Every structure is written in structure tokens, then in C-alpha cells.
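The values are calculated or read from the model by the stated rules, or taken from the named source; none is laboratory data. What you see is a predicted model; the values in this text were computed from it and never measured. Neighbour counts run over all protein chains shown; Cβ positions are idealised from the backbone, glycine included. Note: areas computed on protein heavy atoms with side chains; ligands, DNA, RNA excluded. Shrake-Rupley method; radii C 1.70, N 1.55, O 1.52, S 1.80 Å.
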Amino acid sequence: LKLWFKYRRTRQRQKLKRAMDAKTAGNEEDSSIMAGIRCIFYSLGIIFALGIYGIFQERIMSEPYDDEMFRISVFLVLCNRIAAILYASVMVCIKGESFAHMVPLWKYFAVSLSNVAATWCQYEALKYVSFPVQMLGKSFKMMPVMIWGILISGQTYKMQDWMIAAGVTGGVTGFLLSGDIKSKHASQDSSVYGLVLMLGFLASDGFTSTFQEKLFKEHKTSKYNQMMYVNAGSACVSLLSLMLGPIIFASKGLTEALAFVGRHPAIMGDAGLLSASAVSGQFFIYSLVKEFGALVLAATMNMRQVLSILTSYILYGHPITMMQIASLSVVFATLFYKSYLGYLKNKEKAKAAAVAPVATQAVGKPTDEEMQSLKSGVDAKDGDAGKVEWHNGK
């Protein structure tokens, strides 16, 4: 009878263990499927939101409203920053973060100035060059970011990084030199001014991203707190530019922008969608980076650039040559190769972490037999796993 009950208990334990293992495997499979669904959702959200952003950006700056072009780029910057402030403030409340600034305000002001300058140059360039040129020019910023990283943070880069940056730079240069790059409603000679504005964008945006990274490292600040203060500073700079620009530079300001809105109310709908898509893009970007890392984001952004450029060619009928197609292929092949290298690097790190020895510590007083066994095995254990030591007989 004892043997029979022992056999029954063993069988019951085995059945229970198989059921628990099956349940655990099912949960892990469901978890993997849900993680994949979230990754696809965030990636498609980025592509869709920033695709809409690009379409309305080109619509506002390069297409007329009843035969009248909108020329006041800073007004769009102000609209975008107000939307970003509202979003960041809501997220600070939801996350329970502090509204107090964790960084000296002059540093936020420096980032705000460069941020406004970068966005203004980006919008202004669309008056003179086509959207594909502007979009492709953003890939060109790898070199300025690396240079700013050396100057500001003392970073060092491998030869492989410089070769990738050179490949992207060469592809962009080939695209610019092998076909028509001007905006549809701009004069033939104005594309040079557009390229100068793109250089201004690259320099300003490179400084913004590098200095923001430095702030995260040197100060205990959250991304939403920093986003709120940087955009608040940018909104103040934009508003001052609209108010003082007509006085100092005889340029169009807030009054002219509001008058244009009064004549063409449709622009406010476009500007609203532009700001909403920009903020939505930020939400999907932060979510994707937090859960799946910067590597997945880089691949997603590369795909977004390809689709945005193709969409612009289809919607607005920009001319393109075979040499420009070849240059585009070089740029995006280099960018995807960069993402692939990042994938291999992460895979090597995960493999190294999996084989790393885990330090263990025995707690409690051993028996004489265990003590003798441990002492006899000291020489065998003196290796990568470390040494066996005794403290007060334990």
C-alpha cells in the first residue's frame, strides 16, 4: 500500500508539473506575441504620424492657399511648441514627475535657441528645395552630430562610424548634384539658399541633440520634464521673434500671421494636424525606445524616410533622375547596414551576458563531510567563477 500511494503521489506531481510547464510556456508565447504586436503598433504609429507630419509640412510651406504662399515659418514653430508643452505637462502629471526645473535655466535656454533655429531652417528650406531633398538632408546630420559630440562631450568614434557617415554623406551629395532639387514654386537659382538653410538646420539640430544628451547625463532630469522646459523656452523665443522681428528686421510677424489665418482659415486646420502628428510621433518614439530600444527606432526611422520620400514624389510630382535613385539607394543601404551592425552588437552583448558566471554564496554551517569536500575542491573551483572562502566556519 505504501508503494502504491507513493506511486500515485509521484504521478500526480508529474501531471501537475506538466500542466504548470504547459501554462508557463503558453504565457511566454502569449507574452512574445503581445510584445511583437506592440512593437508593430508603435512602429506603424511612428511611420503614420511622421508621414502625416511631412505631408502637411510640405503642404503649408510649398503649396499656395488661394494663390498666396504662407511665409511666416516661426508661427508654425510656435504652434508646434504649444502642442508639445501641453503634451509634456500632461505626461508629467500622469507620471507623477516634478514640475520644478532640474537643470539651470540658461542650459534650457541654449537648447531652446538651437531648437527654434533648427525647426525654422527646416520649414524655411521648403520654400526653396523639395521635400525629398529636405528629408534626405536630415540623414546628412550624422557628420555634424559626431563633430559636436567630439567638441562638447569629448566622444571618440571608430573608423567604421566615420565610413558609414561618409557613405551617407556621399549618397546625399550625389542626389543633390544629379537632378533638379528646387521646390515646385521656387525659382531655379533659389535652391542654393535652400541648401544653406539645410546646413543651418544640420548644425543647429546636431547641437540640440548632443547638448540634450549631455543634460541627461549630468543632471537628474526626466525626459518629459526636459521636454516641457525646452519647448516652453522655444515657445518664448518663437513668440519674441514674431513680436520683435518686424521692428528689428522688418520681417513679417504675429500680426501678418494672424491676418493670413483670417484670409485663409484652412491653414489652421493644417497647422493643427501638423502639431498633433508631431506630438503623436513623439509619443510613439518614446514608447518604442523605452520598450524595444534605440536600434528598433533607428530601423523604423529609416523606413519612415523611405516611405515619406516616396509619398512626396507620388503626391506632389517631383522630378527624379536615375542617378538620384541610385544615390537614394546608397544612402538607405548604408543606413540599414548601420542598423544591422547595431543588431549584431546587441546580440553579442546578450550572448556575453548569458555565458557570464553567476556568483553564488553558500549560507549556513556545513557538515564535516561537506567541509572536507569543499576543501578538497578548492583547487578545482579557483577559476573564472572565483575562490571559495570561509568566514567563521560558514
Revision key, fill the gap. Rounded to the nearest whole number, the Stokes-Einstein translational diffusion coefficient of segment 87-165 at 20 °C and 1.002 mPa s (Kirkwood radius, C-alpha pairs) in µm²/s is 134 µm²/s
Study note, to complete from the structure: Expressed in Å to one decimal, the Kirkwood Rh of segment 1-158 from all distinct alpha-carbon pairs is 21.8 Å
Practice item. Calculate the spin-label point distance for Leu240 paired with Trp162, positioning each point 7 Å from the Cα along the beta-carbon direction, and give it in nanometres. Key: 3.9 nm
**Study point:** Residue-span extension gain [Glu291 to Met143] - 0.36 nm each, minus C-alpha spacing
**Key:** 50.5 nm
**Study point:** Furthest towards positive pole of dipole, Ile94, Ser114, Val145, structure part segment 74-205, Cβ charges
**Key:** Ile94
Study note, to complete from the structure: One checks the Cα atoms of segment 291-345 and finds Rg and Dmax, in Å, of 13.4, 40
Review point. Within segment 222-249, whose backbone N sits under 20 Å from a point 7 Å along Cα→Cβ of Leu86?
Key: 224-240
Check your understanding: Given R₀ = 25 Å, FRET efficiency for His264-Leu315 by Cβ-Cβ distance, to 0.05?
Key -> 0.80
Review point. Taking a spot 7 Å from the Cα of Phe41 along the direction of its beta carbon, which residues of segment 266-304 have an amide N less than 17 Å from it?
Key: 280-293
Check your understanding: When the solvent-accessible surface of protein heavy atoms is calculated with a 1.4 angstrom probe, in what order do Ile320, Ile314, Ile37 fall, highest first?
Key -> Ile314, Ile37, Ile320
Point to revise | Under-5 Å amide H pairs with Tyr65, H placed in peptide plane, nonlocal only | key: Phe70
Practice item. Would you tell me the accessible area of Arg71, worked out with a 1.4 angstrom probe on the heavy atoms of the protein chains, in Å² to the nearest 10? Key: 100 Å²
Exercise for review: Give me the accessible area of Val145, 1.4 Å probe, in Å² rounded to the nearest 10.
Suggested key: 40 Å²
**Study point:** Accessible surface of segment 221-344, 1.4 Å probe, proportion on carbon and sulfur as whole %
**Key:** 75 percent
Check your understanding: Roughly what would the spin-label model give for His219 and Ile94, points 7 Å off Cα along C-beta, in nm?
Key -> 2.4 nm
Exercise for review: At 1.4 Å probe size, with every protein chain present, just tell me what the per residue accessible area of segment 168-317 comes to in Å².
Suggested key: 48 Å²
Review point. Using the beta-carbon distance between Phe336 and Arg13 and R0 = 56 Å, what value does 1/(1 + (r/R0)^6) give for FRET efficiency, to the nearest 0.05?
Key: 0.60
Exercise for review: Taking the convex hull of the Cα atoms, report for segment 208-260 its projected area averaged over all directions, in nm².
Suggested key: 4.9 nm²
